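Comments concern the structure below.
Values in this text are rule-based calculations from the coordinates and carry no lab data. Since the model is a prediction, treat every value here as computed from it, not as a measurement. Cβ sites come from the backbone with ideal geometry, for glycine too, and all protein chains shown count toward neighbours.
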Amino acid sequence: MYALINANIYDYKKYIENGFIVFNEKIIFIGKMSEYQKNPAYKEIDCKNKLILPGNVSGHTHFYSTFARGASFDFNPQNFLDILKQMWWKLDHFLDKDMIYYSALMGGLDQMKKGTTSFIDHHASHQVEGSLNAIKSAINDKLNLRSILAFETSDRFDIRKSIEENMSFINNNHTNSSAGLFGMHASLSLSNESLDMISKNIGDEGIHIHVAESLMDEEECVKKYGMRVVERLDKYNLINSKSLLVHCTHIDETEMDIIKNRGATIAINPTSNLNNAVGISNVKKFLDKGIRVIVGNDGLMQSQTFEYLNTYYLSHLKTKSPIEFGLDDIKKIINNTYEYINLFLKTNLGNFFLGSEADLLVLQYDSYTQMTKDNIFGHVFFGVFPGFLPEKVFANGKIMIDDYKLTNDFTKEKAEALNQANKLWSIIEKEGSNLEFKN
């Protein structure tokens, strides 16, 4: 049982100056140091001049993309679909279960080092069956972290197997560490027949789908089906209060109203949108409509706080104003991300009160200006987020990173991950040019 003492404690809602937290898997006591009572059962850690924050949540990530780092592909995209065909669809085509496991393990380690302890992952591979359990084995079992997993159903894959993989995982994972969503790639890769089959098989489960990431997704939908992406999904009754619509970079007012009326959630991924040059989501308008907005990293960035920073600054660019999108907006999005994952895991992540799950971070922060309950988020956003690197990471009450170092030895796993990545690259080099993809 740990006791973090002499700490400044903040959960994006309340601030305790010079406080303490006692916890095992959950928080047992929390308060001001004046209320603290020593106990020989506690393993005390002095956190003077340190800040305690909740573990971060990635609202949308892709562990399968981990082995793309450093890879060389024939790459000369003229549009967004070319990016998919020339890079990502080549990579996911050749993944096997071992590659899936080790890419999730390394991706999870990378993000955990930067303070992320829970993930909403969106997986794609021609290895459909058992793929989600391979990811769970890495993220939940090996790393002691939390996850909501989904398989990207697409006409590129066997639709029936994809439906079975999603539904099997959803039906067999209802814990405070593991749950499932029904994954779908994007409208442009799903026929009407596929949407109809999905709709008839998933009941009231929520979908996890890329929506209007590029303008091409909307243009293809209007050209082929005479309606926009969100309208098409809604036609098949696929949008509900559990649903997670990712990116939404090019949706219009009518689509926003559908999302709002159905109670669905939008997951923005600002850095990935910048990387793919697809545009900037209209986050302020989403929020003003009353839509829940959360933040992911799309598998690109290890640091979730980097996404918070880019959300803030890009929203200034989008609104053409330095004040229309403020710190209260970004704080709301952070709390929304905790709120959304809590719906599935039945947890209290992102909250520091008695009985909350002990997923928390210890960070060095010795402020040179006064820090109060009124300005604490400004300190965190401008002073902590830019160089975010936790000294300690606790997940499920266990210390996973201590003094900036992993508490478990992953030397063998890292070596095997390198072998798996090299194997994948070799296969892509030999066979990737022969692949032909339908949308």
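Percent of C-alpha pairs per 10 Å bin in the chain, short distances first: 4, 22, 31, 26, 13, 4, 0. Among T347, T311, sorting on how many other beta-carbon atoms sit within 10 Å of each Cβ, with the fewest leading, yields T347, T311. Listed peptides 372-378, 313-319 appear in the order 313-319, 372-378 once ranked by packing, highest mean of other Cβ atoms within 10 Å at the front. Within 9 Å, Cβ to Cβ, of L363, how many net charges do the neighbouring residues add up to if Lys/Arg are +1 and Asp/Glu are -1? Taking every Cβ under 9 Å from that of L363, the sum is +1.
Projecting the Cα atoms of A71, I333, G31 onto the charge dipole of the chain (Cβ charges, centred on the Cα centre) puts G31 farthest toward the positive pole.
Rounded to the nearest 500, the 222 nm mean residue ellipticity of the chain from helices alone is -10500 deg cm²/dmol, with -39,500 (n - 2.57) taken per DSSP H run of at least 4 residues.
The Cα-based radius of gyration of the stretch 121-216, divided by its Kirkwood radius, gives an Rg/Rh of 0.97.
Partner aspartates and glutamates whose Cα lies under 14 Å from the Cα of K289, excluding those fewer than 8 positions away in the same chain, are identified as D252, E253, E255, D257, D329. What separates the Cα centres of the stretch 166-242 and the stretch 129-161 is a distance of 16 Å. The charge dipole of the stretch 316-439, taken about the Cα centre with unit charges on the Cβ atoms of Lys, Arg (+1) and Asp, Glu (-1), comes to about 220 debye, rounded to the nearest 20. About its Cα centre, the chain has a charge dipole of approximately 820 debye under the convention of +1 per Lys or Arg Cβ and -1 per Asp or Glu Cβ, with nothing else charged.
Normalising by residue count, the stretch 1-149 has a Cα convex hull of 148 Å³ per residue. Residues considered: L349, L244, L215. Largest GNM mean-square fluctuation over the chain, using C-alpha springs under 10 Å, is found at L215. Between A138, I323, S103, the Cα set farthest toward the positive side of the dipole of the chain (charges on each charged residue's Cβ, about the Cα centre) is that of I323. In the structure shown, the pairs K223/K260; K136/K223; K200/K423; K318/K423 are assessed against 31 Å; a Cα-Cα span above that value is assigned to K136/K223; K200/K423; K318/K423.
Its Cα gyration tensor gives the stretch 256-391 an equivalent ellipsoid, and the semi-axes of that ellipsoid, as √(5λ) in whole Å with the largest first, are 24, 20, 15.
The GNM of the chain, with springs linking C-alpha atoms under 10 angstrom apart, assigns the highest mean-square fluctuation among N422, N269, N56 to N422. Neighbour counting of Cβ atoms within 10 Å sorts the residues D217, D409, D252, fewest neighbours leading, into D409, D252, D217. Relative to the globular-protein estimate of 2.2 N^0.38 Å, the Cα radius of gyration of the stretch 3-43 stands at 1.11.
Cross-link pairs exceeding 29 Å in C-alpha to C-alpha distance, out of K161/K405; K38/K392; K14/K142; K48/K114, comprise K161/K405; K14/K142. Look at the alpha carbon pairs under 8 Å that are at least 6 residues apart: their mean separation over the length of the chain gives a relative contact order of 20 percent. Taken along its principal axes, the alpha carbon cloud of the stretch 323-439 reaches lengths of 59, 40, 35 Å, longest axis first. Annotation: the residues E35, E164, sorted from fewest to most other C-beta atoms within 10 Å of their own C-beta, follow the order E35, E164. Placing unit charges on each Cβ (+1 for Lys and Arg, -1 for Asp and Glu) gives the stretch 271-320 a dipole about its Cα centre, and among L309, G299, S281 the Cα reaching farthest toward its positive end belongs to S281.
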